[in-house]
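Here's the structure, in structure tokens; my notes come after.
The values are calculated or read from the model by the stated rules, or taken from the named source; none is laboratory data. A quick note: this is a predicted structure, and the numbers were derived from the prediction, not measured. FYI the Cβ positions are ideal-geometry reconstructions off the backbone, even for glycines, and counts take in every protein chain you see. Side chains are part of the model used for accessible areas, which takes the heavy atoms of the whole protein and leaves out ligands, DNA and RNA. Shrake-Rupley method; radii C 1.70, N 1.55, O 1.52, S 1.80 Å.
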Amino acid sequence: MEELINKLKGEIIEQLNLEDVKKEDIDNDAPLFGEGLGLDSIDALELIVLLEKNYGIKVANPADGKKIFQSIRTMAQYIQDNKK
Amino acid sequence: MSATNYISAFCRISSGKVNVNHSIMFADENEESSAAFIKSVYKHYQINYPKFYKMDKLCQLAFVTSELLLKDNKITEKYSKEDIAIVVSNSNSSLEIDTEHQKTISDKENYFPSPANFVYTLPNILIGEIAIRNLIKGENTFFIFDKFDAQFTADYVNSLLNSGKAESCIAGWVDYYEGSYDGFLYTVEKTPGVLGIEHTTEQLNNLYK
Amino acid sequence: MKSEIFIIADNIISPLGFTSEENFQHLKKMETGIKSVSGRSLSAEPVCAAVINDDKITSEFDKLNIKDQYTRLEKLFILSIADTLKQAPAVKANSSKTLIILSSTKGNIDLLGSANNNGFDKKRLTLWETGNVITKHFGNPNKALIVSNACISGVLAMIIGKRLLEQGVYENIIVSGGDILTHFVVSGFQSFKAVSNEVCKPYDASRDGISLGEACGTVILTNNSALRSPDSILIKGGASSNDANHISGPSRTGDGLSLAIEKTLHEANLKPSEIDFISGHGTATPYNDEMESQALTASELQNVPMNSLKSYFGHTLGAAGIIESIAGIHSIKNNTLIGTYNFKELGVTKPINIIKETKTQKLNNCLKTAAGFGGCNAAILFSKN
């Protein structure tokens with residue numbers, strides 16, 4: 001799990017062009033949206049692309065993103081549970 | 001019959017140089033790429049706006065040009081936000097990022113269109129980025145010309161001010177395609193401001209050479 | 001004293017027909033141009049969209065007996081403009097007093113996805129070159145003015161046409177808006193998860209996204225009162241604004257759209273109570289339609305009958321503002337309110353007055369609104385002569 005979280009942080013920084021953000025800046029349990037990283041609705045859609053591209057997981061309903069992308073940990077958990 | 005309006009300030013970013021009101025503020029001719037140059041301007045001026053990195057190159061250029069234009073020329077504090085217009089044009093629309101988007105959908109085996117790219121496949125998004133940053137809410141229009149049309153721009157922007165549709169305007173030309181870039185934005189006001197150049201076709205042509 | 005600006009000819013090309021009249025007949029009967037499309041390389045999966053039949057474009061274009069090669073979009077522009085010129089023979093396309101304004105978001109973007117730009121020169125990808133091609137075809141000596149401002153392009157192009165005519169440099173302005181449906185556009189909106197699986201449902205409680213479409217529409221505007229007829233429609237005002245909120249999400253409060261509406265009514269010298277109906281933007285995304293309900297309520301227009309034509313034409317981007325305005329103009333002329341296809345139950349928080357079924361009613365003043373990516377909004381006001 002920790003390994004996946006670490007990998008995911010790198011992927012998110014790359015996919016979302018978070019140029020000034022380092023892996024260690026991202027708290028595993030802090031909310032991804034709103035405060036913190038300051039992600040927005042387009043970022044949420046980009047994270048859906050990331051899940052599909054890097055992990056082959058399709059999120060059909062973007063509303064599901066809210067739950068999946070609560071924090072890095074919930075996202076990693078979702079990947080672990082749904083990865084093919 | 002028409003009142004005189006003034007170019008109160010301008011910023012031009014092109015050929016590895018940043019020119020604000022006739023002063024070369026920053027130049028780096030060794031930068032290997034245009035995108036890197038625009039980024040180095042952003043870093044040089046310590047502009048802190050993380051969204052910058054999410055923008056496509058056209059918007060990055062427009063954003064940095066507008067930041068340096070408005071840095072010491074705070075029209076947003078002088079006028080109501082509803083009375084500031086933004087009128088910008090270019091030649092290549094959003095063709096740079098259009099090409100990127102097309103690449104992501106051309107290969108059926110590797111089909112991952114990016115919403116973060118797609119949203120930039122409209123040239124007026126750069127007006128949106130400037131508006132969001134400065135909370136500007138007035139008239140906004142994006143035109144496409146083969147090259148900067150000083151006469152149309154001067155006439156149209158003057159008519160906006162003279163008819164009371166705007167009190168001030170950010171106008172100009174922002175083009176980015178295949179590594180060549182040209183950002184030229186200026187402010188128009190009814191008072192002379194820093195530069196006090198009359199906003200006419202002739203003066204605009206002198207300024208944009 | 002500003003001269004009055006009016007519309008003396010119009011054309012809509014859409015899946016519902018190649019003239020305004022044909023289109024309006026279908027709207028009156030509440031027949032949609034949207035259907036499930038597969039195998040036109042728009043999308044891997046079938047997609048609900050309003051697509052113009054290729055053979056129909058070819059057969060209509062062949063009637064013009066033109067030798068030069070034109071792209072799909074250019075053919076639509078030429079057909080649409082030619083139809084309006086036929087209605088207004090006094091307007092000379094080759095006069096220096098006539099200007100052509102084109103509104104488009106993506107121009108010939110289909111060339112980008114084709115091998116070798118479909119045999120066209122690379123500069124054909126630029127909208128200014130499309131402008132050159134169109135002015136050359138009609139022998140117009142002026143450089144075409146190109147407006148590319150997302151989904152408000154069409155409304156904005158007409159507003160700019162009005163302003164230029166008021167300055168008196170031109171006598172007649174041909175404003176044509178067009179966009180074609182491509183894999184480029186469909187894939188992008190799909191990546192936004194913004195495309196409904198069914199025909200879109202504007203303002204409805206169960207709305208779940210847009211339907212895309214392609215169309216072209218043209219109006220001829222004039223300041224020459226000699227060309228005015230009892231049938232001419234006046235443009236009394238128009239304005240654009242920005243939400244300054246987010247590049248792809250509309251303002252939650254609708255303040256940007258409200259500002260454009262209020263500036264428009266001010267210019268037109270009309271009170272909200274004098275507006276007979278509103279042709280809304282109504283894309284059928286949850287956020288857009290909600291934003292409109294907020295904006296209209298803030299502008300005291302919540303009781304005015306309103307429709308969206310997106311469930312007939314789909315969202316036609318750079319054409320939308322023009323074809324939906326033309327439909328509004330024909331509503332005024334025919335005293336007929338068009339019902340909103342697929343609208344059943346109001347699904348926005350403010351109680352706006354959506355027209356369900358087509359009905360006749362005396363109409364004088366129509367407000368057309370639009371909103372788009374980049375936070376832009378626009379409004380324009382049409383009145384009976």
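Put simply, the amide H of B:Ser89, placed in the peptide plane, has neighbours under 5 Å in B:Phe143, B:Gly172, B:Trp173, B:Val174, leaving out anything fewer than 5 places away on its chain. Once C binds B, the 1.4 Å probe can no longer reach about 4000 Å² of accessible area, counting both sides. Take the Cβ atoms of B:His44 and C:Thr360, set R0 to 45 Å, and the FRET efficiency comes out at 0.10.
Kirkwood Rh, Cα Rg: Rg to Rh for the range C:179-311?
Answer for the range C:179-311: 1.01.
Evaluated at q = 0.17 Å⁻¹, the base-10 log of the normalised Debye intensity for the range B:1-109, with identical point scatterers placed on the Cα atoms, takes the values -0.97.
Connecting C-alpha atoms closer than 10 Å in a GNM of chain B, tell me which of B:Asp146, B:Asp56, B:Asp107 has the biggest fluctuation. The residue that fluctuates most here is B:Asp107.
Please identify, among B:Leu58, B:Leu95, B:Leu185, the residue showing maximal mean-square fluctuation in a Gaussian network model of chain B using a 10 angstrom Cα cutoff. Taking springs between Cα atoms under 10 Å, the residue moving most is B:Leu95. Checking every one of the trypsin sites (Lys or Arg not before Pro) in the range A:1-75 against DSSP loop status and a limit of 12 other Cβ atoms within 10 Å picks out A:Lys22, A:Lys58.
Split chain C at each of the GluC sites (Glu not before Pro) in a DSSP loop with at most 16 other beta carbon atoms within 10 Å, and the longest piece is C:32-197. Over chain C, Cα pairs under 8 Å with separation of 6+ residues give a relative contact order of 24 percent.
Of the accessible area of chain A, with the probe set at 1.4 angstrom, what percent is carbon plus sulfur?
47
How much accessible area is lost when chains A and C come together, counting both sides, with a 1.4 Å probe, in Å² rounded to the nearest 100? Roughly 500 Å².
Distance between the C-alpha centres of the range B:1-73 and the range B:175-209: 12 Å, rounded to the whole angstrom. Taking all protein chains together and a 1.4 Å probe, the residues C:Asp68, C:Asp110, B:Asp98 rank C:Asp68, C:Asp110, B:Asp98 from largest to smallest accessible area.
Taking every protein chain into account, the accessible area of the range B:6-208 amounts to 36 square angstrom per residue (probe 1.4 Å). A 1.4 Å probe run over chain A, with the rest of the protein chains in place, finds 56 Å² accessible per residue. Backbone phi angles across the range C:287-299, fed through the Karplus curve with coefficients 6.51, -1.76 and 1.60 (θ = phi - 60°), yield HN-Hα couplings of 6, 4, 5, 5, 4, 4, 4, 5, 5, 5, 5, 4, 8 Hz in residue order; Gly and Pro are listed as x.
Computed from the alpha carbon atoms alone, the convex hull of the range C:236-384 holds 92 Å³ per residue.
Just to be sure I follow the definition: excluding the sites themselves, where is the longest run in chain B that has none of the GluC sites (Glu not before Pro) in a DSSP loop with at most 15 other Cβ atoms within 10 Å? Counting only loop sites that pass the neighbour cut-off, the longest clear stretch is B:33-177.
What percentage of the solvent-accessible surface of the range C:236-384, computed with a 1.4 Å probe over protein heavy atoms, is contributed by carbon and sulfur atoms? Within the range C:236-384, the accessible surface is 48 percent carbon and sulfur.
Loop-located GluC sites (Glu not before Pro) in chain A (DSSP state not H, G, I, E or B) with no more than 14 neighbouring Cβ atoms inside 10 Å: A:Glu19, A:Glu35. Kirkwood radius, the range C:71-202, all distinct C-alpha pairs, inverse of mean reciprocal distance: 16.0 Å.
Convex hull volume of the Cα atoms of the protein assembly as shown, normalised per residue: 150 Å³. Would you please state the base-10 log of I(q)/I(0) at q = 0.09, 0.11 1/Å for chain C, with intensities from the Debye formula using one equal scatterer on every alpha carbon? Values returned for q = 0.09, 0.11 Å⁻¹ are -0.45, -0.69.
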